[in-house]
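Written out below as structure tokens is the structure these notes cover.
The values are calculated or read from the model by the stated rules, or taken from the named source; none is laboratory data. Computed from a predicted model, the values in this text were never measured in an experiment. Backbone-built Cβ (ideal geometry, glycine too); neighbour counts: all protein chains shown.
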Amino acid sequence: MHAVIFDIDGTLLQSVGVDDGLYKHAVRSVIRGAFIRPSFSDYDYVSDSGILSQIMTDNLVPNDPAQVSTIKSTFMGLLRTHISEHGPFPEIPGAKNALKKFDESPDHAVAIATGGWRESALLKLDTAGFGDFVCPIATADDAYDRKEIMSIAVSQLGGAFSTITYFGDGPWDRDATSRLGWNFVAVGFALGGLESYHDLHDV
């Protein structure tokens, strides 16, 4: 058996730029004048929870659960409004068919590991037409560290696997995969990866 794990933003959906912008807007709506580092890759833990924790540290703001909850709910409100006004995020070409192919394969098991919060991940997937696809999902609600999130996703699949392959679009995905000793498939132009799953060969 082979495990195949997917990120969401930039990997299944064309959502990175908008998602990042809404996240920063939500943070600054609650933490007025918050300093946010120039790139999310400047943070130690590139996940919604990990980045927020470090933003609070940078800005000398207590990591208060109530404030975290307020930022999450603000972000979700912005995300719902964006989807309502602009429609669902488009899939990376062929993403749904690729998931279906792996899911129907007797030799593969599929999971999702995303640095986003669970509620936002499910909303984006459901509105983009992935709602009928059911598989284990690990998110920033489970851990700060991308490597740990990915490990949790695989543990939810159970069993042992001959290979584990992760599909991701960011350098943090590539680095976490390397630390885990998994195979990595880059998606998107930033890493010179797949621009369409129609070009995907078997993994």
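So for the stretch 21-43 (the condition being under 14 Å from Asp173 (Cα atoms) and not in a helix (DSSP H, G or I)), does at least one residue qualify? Yes: one or more hits.
Applying the set (1) closer than 20 Å to Val134 by Cα; (2) surrounded by 14 or more Cβ atoms within 10 Å (Cβ to Cβ) to Thr70 leaves exactly one unmet item: (1). Thr81 meets the stated requirement of being closer than 28 Å to Ser29 by Cβ, in the same structural domain as Asn63 (by TED's automatic domain parsing) and either hydroxyl-bearing (Ser, Thr, Tyr) or not in a helix (DSSP H, G or I) (or both). Answer yes or no as to whether Asp175 is within 16 Å of Ile8 (Cβ to Cβ) and not assigned by TED's automatic domain parsing to the domain that holds Gly77. No; evaluated as a whole, the condition is false for this residue. Scanning the stretch 118-136 for residues that are surrounded by fewer than 21 Cβ atoms within 10 Å (Cβ to Cβ), over 14 Å from the mean Cα position of the chain (by Cα) and closer than 19 Å to Val18 by Cβ yields a count of 3. Check whether at least one residue in the stretch 191-203 is buried (at least 20 other Cβ atoms within 10 Å of the Cβ), within 24 Å of Ser49 (Cβ to Cβ) and touching a residue at least 12 places away in the same chain (Cβ under 8 Å), and report yes or no. No, every residue in the stretch 191-203 fails to be buried (at least 20 other Cβ atoms within 10 Å of the Cβ), within 24 Å of Ser49 (Cβ to Cβ) and touching a residue at least 12 places away in the same chain (Cβ under 8 Å).
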